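Participant: The structure that follows is given in the form of structure tokens.
The values are calculated or read from the model by the stated rules, or taken from the named source; none is laboratory data. All values reported here derive from a predicted model rather than from experimental measurement. Heads up, the Cβs are rebuilt from the backbone with ideal geometry, glycines too, and the neighbour counts pull from every protein chain shown.
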Amino acid sequence: MDFISSLKSKNELLFIFGLINFILAGLFIILSQVTSIEVSGTNAWFKPIKFALSIGAYSWTIAWFMSYLQQDKGIQIMSWIITFMLGFEILYIGLQAGRGQLSHYNVSTPFYAGLYMSMAFAATVVSFITLILAIRFFQAPLPELPNYYVWSIRIGLLLFFVFSLEGFVMGANLSHTIGATSGGTVIPFLNWSREYGDPRVAHFVGMHALQVLPIVAFYVLKDTRLTVGLAFLYTLLAVYVLIQALYGQPLLKS
């Protein structure tokens with residue numbers, strides 16, 4: 001409760017937005033159990049569940065990090081942009097799931113193609129906001145924070161930016177998989193292909209450096225060199241699974 005109270009005081013807008021997404025995730029989980037709607041052969045609600053959880057985690061993480069920076073008008077503007085852009089994404093993904101239709105890669109009509117492009121635009125805007133925050137963390141004097149923690153935030157933000165843009169790899173291919181038009185056999189719930197290359201693995205690993213690196217650095221490593229070393233190994237892992245996908249190889253073979 002102390003964490004919740006503290007987070008709310010740091011950035012109430014992103015706190016509420018993140019909370020809404022966690023509540024939506026719970027709703028989507030229930031719908032996945034009580035409905036039989038499918039999209040491309042899998043439960044239609046799995047994608048909204050994953051996106052709601054990811055957006056909720058991103059919103060709360062960014063709210064926490066923003067509190068370390070000077071609270072100027074730029075922080076407020078970025079918070080509102082994140083809320084609007086990601087709010088549009090989760091709304092559209094949820095609505096399409098309820099209708100049993102694709103949200104991503106749906107270019108079946110000019111209308112759906114326009115909405116798909118709008119989602120790509122929204123995600124790109126949020127990615128560049130994350131880059132701006134990374135730059136501000138490199139510029140801002142943060143003497144009250146441990147150096148290893150600051151570096152974990154800086155690198156986490158940069159890795160999020162780089163691997164969020166990996167979405168363009170999938171967008172250009174109009175598919176989650178490389179080597180085939182569909183994923184075939186998949187890992188349950190995650191839906192990562194077990195037959196073909198799947199860039200979503202690297203997308204997931206790289207973007208969640210935003211949470212993994214600061215948590216491990218702050219609670220476990222407590223050392224700048226160890227933190228940078230972990231970040232290097234983590235980056236190698238993300239790059240490796242990306243190369244694996246680009247060569248058409250699955251993370252786990254069926």
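Participant: State whether one or more residues within segment 145-168 are touching a Pro at 6+ places or on another chain (Cβ under 8 Å), part of a loop (DSSP other than H, G, I, E, B), of a type outside the set (Lys, Arg) and closer than 28 Å to Ile215 by Cα.
Facilitator: yes
Participant: Additional query: Mind listing just one residue for me: the one in segment 128-143 that is among the hydrophobic types (A, V, I, L, M, F, W, C) and within 15 Å of Met207 (Cα to Cα) and, of those, surrounded by the most Cβ atoms within 10 Å (Cβ to Cβ)?
Facilitator: Leu133
Participant: Still on this structure, I have one more. Tell me, which residue of segment 90-119 that is assigned to a helix (DSSP H, G or I) and either of a type in the set (S, T, N, Q) or in contact (Cβ under 8 Å) with a residue 40 or more places away in the chain (or both) is farthest from Asn21 (Cα to Cα)? Give the steps one after another, and end with the answer.
Facilitator: First, pick out the residues of segment 90-119 that are assigned to a helix (DSSP H, G or I): 90-98, 110-119.
Next cut, either of a type in the set (S, T, N, Q) or in contact (Cβ under 8 Å) with a residue 40 or more places away in the chain (or both) only: 90, 93-94, 96-98, 118.
Values: Ile90: 8, Ile93: 12, Gly94: 11, Gln96: 16, Ala97: 16, Gly98: 16, Ser118: 20 Å.
It comes out as Ser118.
Participant: A follow-up question, please. Among the listed residues Ala57, Ala52, Ala123, identify the single one that is of a type in the set (A, V, I, L, M), crowded, with 21+ Cβ neighbours inside 10 Å, within 20 Å of Arg200 (Cβ to Cβ) and modelled with pLDDT of 95 or more. Outline the logic, then answer.
Facilitator: Numbers: Ala57 fails: crowded, with 21+ Cβ neighbours inside 10 Å; Ala123 fails: crowded, with 21+ Cβ neighbours inside 10 Å.
After applying the criteria, what remains is Ala52.
Participant: Further question: Counting only residues that are polar (S, T, N, Q) and over 23 Å from Pro146 (Cα atoms), which one in segment 203-254 is nearest to the chain's Cα centre (by Cα)?
Facilitator: First pass over segment 203-254, keeping only residues polar (S, T, N, Q): 211, 224, 227, 235, 244, 249, 254.
Going one step further and asking which of them are over 23 Å from Pro146 (Cα atoms), we end up with 244, 249, 254.
On the way: Gln244: 20, Gln249: 23, Ser254: 26 Å.
Per the criteria, the residue is Gln244.
Participant: Then there's this: Looking at this structure, is Phe28 in a helix (DSSP H, G or I), crowded, with 21+ Cβ neighbours inside 10 Å and modelled with pLDDT of 95 or more? Steps first, answer last, please.
Facilitator: Working: in a helix (DSSP H, G or I): yes; crowded, with 21+ Cβ neighbours inside 10 Å: yes; modelled with pLDDT of 95 or more: yes.
Judged against the criteria, Phe28 is a match.
Participant: Scan segment 168-185 and report the pairs whose first residue is more than 17 Å from Ala122 (Cα to Cα) and whose second residue is part of a loop (DSSP other than H, G, I, E, B) and at pLDDT below 75, with Cβ atoms within less than 7 Å and a gap of 6+ or a chain change.
Facilitator: Listed by first residue and then by second, the contacts come to Ser175/Thr181; His176/Gly183; Thr177/Gly183; Thr185/Ser254.
Participant: What residue, of Ile155, Ile187, Ile243, is surrounded by fewer than 18 Cβ atoms within 10 Å (Cβ to Cβ) and under 28 Å from Trp60 (Cβ atoms)?
Facilitator: Working: Ile155 fails: surrounded by fewer than 18 Cβ atoms within 10 Å (Cβ to Cβ); Ile243 fails: under 28 Å from Trp60 (Cβ atoms).
None of the others qualify; the one that does is Ile187.
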